[in-house]
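See structure below.
The values are calculated or read from the model by the stated rules, or taken from the named source; none is laboratory data. What you are looking at is a predicted structure, and each value in this text was computed from that prediction instead of being measured. Note: ideal-geometry Cβ built from the backbone for every residue, glycine included; neighbour counts use all protein chains shown.
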Amino acid sequence: MRLTQRLLLQTLAIVVVLIASVVLIIDNRLHKQIVAETTLALAREARLVSAQWQPGTDPDKLADVSGTATGHRVTLISPEGVVIGDTDFDGPSLSRLQNHSTRPEVIGARAHGVGSSVRVSPSTGEEQLYVAVAAPLGVARVSVTTKAVEEIFDAARRDVLIAGFLTLLLATALSALFARAVSRPIVDLRDVARSLAAGNLAARPALAAPGEVGDLADALHRLGEQLGSRLLALEAEQSRLSTLVNSLNEGVIAIGADQQVTQISAPAREMLAIRQPTPFPLDFLPRDPAIRQAIADALAGDGTGPVEIASGARTLSLNVRPLRQGGAVVALFDLTPAKQLENVRRDFVANVSHELRTPLTVIGGFAETLADPNVPPEKSAEFARSILAHARRMQRLVDDLLDLSRIESGGWSPKPERVGITALLNDAGHSFAAVREKGLELRIDIEPNGDFVWADRTALSQIIFNLVENAVRHTSSGAITVGSRRVDKGVELFVSDTGSGIAPEHLPRIFERFYRADTGRTRETGGTGLGLAIVKHLVDAHGGRISASSATGEGTTIHIFFPNPDASPDS
């Protein structure tokens with residue numbers, strides 16, 4: 001039930017009780033008052049009759065005249081109690097009336113001058129109100145039926161009830177207005193409080209009222225402002241914390257005491273491949289036993305870590321710490337790049353050692369042989385040529401390592417200019433002597449609108465030379481093609497061969513240092529395993545892209561994209 005209804009009903013209940021009490025009190029007092037006033041009126045009439053009752057006056061006639069004038073029954077009683085005049089009885093019937101000496105009102109009049117009583121009249125059979133007064137010639141009595149008195153009382157009671165009903169109606173209207181006036185500001189304040197609780201912190205009471213209601217409205221207004229400012233501060237702090245957590249290399253997961261993931265950072269989502277929006281149950285986390293056990297221990301109050309786990313292709317370091325209020329925080333660090341770097345370092349050391357060991361072994365062996373004075377001159381020349389070849393091979397390896405190190409460390413940066421590919425190939429024609437020595441055909445496929453690129457001339461020359469040399473190394477017959485064409489926002493340069501090709505599983509790794517799809521054959525042809533790695537770094541330095549397409553037995557094509565000077569590298 002609403003406040004307005006409660007106030008209205010309570011007010012009406014109070015008004016009804018008051019009206020009922022007033023009616024009861026008035027009813028009782030009104031009855032007594034009417035009886036008393038009727039008694040006094042009858043007494044006055046009786047005195048008037050007694051004053052007119054003089055010696056020589058016919059009492060019966062006087063009673064009739066007085067009764068007609070007053071409208072009441074008038075009875076004249078002699079000192080002996082005999083009725084000698086009565087408005088309702090004449091002649092013989094008058095003489096048959098009983099002696100009235102024992103009537104209470106007559107006794108009271110003789111004793112006190114005035115007497116009254118209410119009783120049933122033996123002569124009429126109706127209840128009468130009798131009032132008698134002492135007179136010089138006897139007792140004069142005036143009476144009226146109580147029915148007439150009750151009619152007066154009923155009329156008065158009806159007036160009182162009508163007045164009470166009208167008062168009740170007026171009280172109802174006033175109570176409704178009062179209840180509405182009291183409840184409306186309270187309802188407004190309730191609505192504002194509900195809006196604040198629902199998150200609408202812009203809600204404010206528009207009430208300006210005196211007294212306690214106004215104080216409550218002012219307090220609620222201040223509460224809304226404080227909640228708004230504190231929530232803004234909390235949101236800003238939450239945003240800073242979220243940005244900080246998401247910017248870390250570590251992944252962070254917050255778990256509540258109810259075993260629900262309440263927060264998870266972007267790095268953690270990426271590490272664990274989770275797309276479920278928070279909050280979500282722990283069942284959506286990977287089912288790795290180490291993860292589940294570490295979380296279970298943390299929820300039980302014991303920290304865990306660091307523990308190294310595998311999640312898909314990633315290697316993660318796991319740390320789990322319990323929270324004082326329940327729940328846990330999981331920290332994940334991706335060890336995959338470090339593992340990859342360690343593998344690269346290990347492979348690099350192994351590859352360099354392997355690349356250097358063979359020529360050093362040959363050089364050392366031939367040098368020991370040459371130290372023998374009994375070696376024939378023709379053998380000495382052969383050994384010297386072999387030593388020179390392996391020394392040059394080591395020199396090329398060291399040069400390539402130095403070039404690669406210089407490019408990777410940022411010690412070299414390209415100086416792009418407008419370079420003509422056809423002119424560059426013509427100037428460096430002598431560099432492709434290996435193509436002719438191997439009996440291969442060198443084809444130039446330069447489209448007219450793709451002849452010029454924006455690149456460092458020296459770097460471009462090294463790129464083309466390395467790609468052609470690599471193609472010659474893997475091609476036993478056929479042709480090697482160097483071409484270029486204009487593409488969207490740049491120029492694509494390509495070098496293709498008709499060699500043995502590369503298996504699909506090797507294509508993603510051919511630009512790694514020392515990676516060889518055919519290790520033995522590459523070493524036999526004198527390759528260092530660094531040519532394509534150097535090409536990739538040079539292309540990356542220009543903001544370009546490099547890719548390879550190949551099929552076993554069908555040759556290989558290396559595609560290089562050089563962007564226009566006004567184009568984005570990622571265009």
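Summary table
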| quantity | calculated |
| --- | --- |
| Lone unmet requirement of (1) free of Cβ contacts under 8 Å to residues at least 12 places away in the same chain; (2) closer than 19 Å to Gly544 by Cα; (3) of a type in the set (Lys, Arg) for Arg418 | (1) |
| Tally, over the range 466-491, of residues that are assigned to a loop (DSSP other than H, G, I, E, B) and farther than 28 Å from Arg406 by Cα | 6 |
| Restricting the range 75-98 to residues that are modelled with pLDDT of 85 or more and acidic (Asp, Glu), the residue that is farthest from Leu137 (Cα to Cα) | Asp88 |
| Failed condition for Pro59, given (1) over 60 Å from the mean Cα position of the chain (by Cα); (2) surrounded by fewer than 19 Cβ atoms within 10 Å (Cβ to Cβ); (3) not acidic (Asp, Glu) | (2) |
| Flag for Leu424 being out of contact with any Gly (no Cβ under 9 Å at 6 or more places or on another chain) and under 19 Å from Ser461 (Cα atoms) | yes |
| Cβ pairs under 7 Å, 6+ apart, first in the range 306-326 and within 15 Å of Arg287 (Cβ to Cβ), second surrounded by fewer than 13 Cβ atoms within 10 Å (Cβ to Cβ) | Gly312/Ala273 |
| Condition met for Ala296 (in a helix (DSSP H, G or I) and either of a type in the set (A, V, I, L, M) or more than 25 Å from Asn249 (Cβ to Cβ) (or both)) | yes |
| Sole residue being at pLDDT below 80 and farther than 30 Å from Phe89 by Cβ, chosen from Arg204, Arg222 | Arg204 |
| Total residues in the range 243-287, condition free of Cβ contacts under 8 Å to residues at least 12 places away in the same chain and in a helix (DSSP H, G or I) | 4 |
| Scope the range 53-66; condition in a helix (DSSP H, G or I) and either touching a Leu at 6+ places or on another chain (Cβ under 6 Å) or outside the structural domain of Val131 (by TED's automatic domain parsing) (or both); matching residues | Pro59, Ala63 |
| Test: residue in the range 309-317 that is surrounded by fewer than 14 Cβ atoms within 10 Å (Cβ to Cβ) and either in a loop (DSSP other than H, G, I, E, B) or in contact with a Phe, Trp or Tyr (Cβ under 8 Å, 6 or more places away or on another chain) (or both) | yes |
| Residues of the range 67-103 that turn out to be in contact with a helix residue (DSSP H, G or I) (Cβ under 6 Å, 6 or more places away or on another chain), part of a loop (DSSP other than H, G, I, E, B) and among the polar types (S, T, N, Q), as a count | 1 |
| So Glu45, is it acidic (Asp, Glu), in contact with a helix residue (DSSP H, G or I) (Cβ under 7 Å, 6 or more places away or on another chain) and farther than 30 Å from Leu170 by Cα | yes |
